[in-house]
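Each remark here refers to the structure printed beneath this line.
Throughout, read-outs are computed from the coordinates displayed, never taken from laboratory work. Computed from a predicted structure; not experimentally measured. Ideal geometry is used to build each Cβ from the backbone, glycine not excepted, and the neighbour counts take in all protein chains shown.
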Amino acid sequence: MGPDPTTIEAGDDAWQALPRRALRLFLLRGSLLAFPFGAAALFMGAAAGSPLSWGPVLGGAVAGALFGCWRARRVWQHTAWRLDATGFTLRRGHLWRSETRVPQSRVQHLDLQRGPLQRRFGLSTLVIHTAGTRHSAVGVGGLDAGDAERLRDILARQADDDDDDHDA
């Protein structure tokens, strides 16, 4: 379950999970694997010269949707973020864990993105643009909309404070 939105503060070292309602969006996206799996079953049946049978196509689509939903749940379950006084950290993955750290001094600007489905579920994607050329943006999808706005505001304030310190 996601954090209490009133507790997001710079300096809180606790890892924050994505909100439970983000799982529905992840599952919806994952179920789209039904289309390529069904198409692959249709193509393999046609290549084998067998007459068109909807059973294998439907089976492939169901298998694709089930696999996509399983994978989406794992991605949602193993994604967490943390904000502290020095910046933002995003952790993803279970077997191959990836941890991306964005120091506050590297934040250039921040974007919030909300597609129609994200708005429907009260979610947002926070994009943190950083100084540098390689991997110069970190996107965090599935955040609670209020949390994403607060994160944006805190990171922007930290970046502004850091700029003021360098100007002095």
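Between His109 and Arg92, what length in nm is gained on full extension when 0.36 nm per residue of separation is reduced by their alpha carbon distance?
3.9 nm
Over the range 60-163, what is the mean sequence separation of C-alpha contacts under 8 Å (at least six apart), divided by residue count, expressed as relative contact order in percent?
19 percent
Counting pairs of alpha carbon atoms under 8 Å apart in space and at least six apart in sequence, what relative contact order in percent does the range 27-74 give?
58 percent.
Computed over the Cα atoms of the range 81-167, what is the ratio Rg over Rh, Rh following Kirkwood?
Ratio of gyration radius to Kirkwood radius for the range 81-167: 0.99.
Are there any chymotrypsin sites (Phe, Trp or Tyr not before Pro) in the range 80-161 that are in a DSSP loop and have at most 15 other Cβ atoms within 10 Å? List them by number.
Here the sparse-neighbourhood loop sites are Trp96.
Could you tell me which trypsin sites (Lys or Arg not before Pro) in the range 83-141 are loop residues by DSSP with no more than 12 other beta carbons within 10 angstrom of their beta carbon?
Taking the range 83-141 and a limit of 12 other Cβ atoms within 10 Å, the loop trypsin sites (Lys or Arg not before Pro) found are Arg97, Arg134.
Rounded to the nearest 0.05, what FRET efficiency is calculated for Ala14 and Trp54 with R0 set to 45 Å and r the Cβ-Cβ distance? All intermediate terms of the calculation are to be shown ahead of the outcome.
On the way: r = 50 Å, r/R0 = 1.11.
Efficiency, from the Cβ-Cβ distance: 0.35.
Expressed as a whole number of Å, what is the distance separating the alpha-carbon centroids of the range 39-75 and the range 135-159?
Comparing the Cα centres of the range 135-159 and the range 39-75, I get a distance of 38 Å.
Provide the convex hull volume over Cα atoms per residue for the range 27-74, in Å³.
47 Å³
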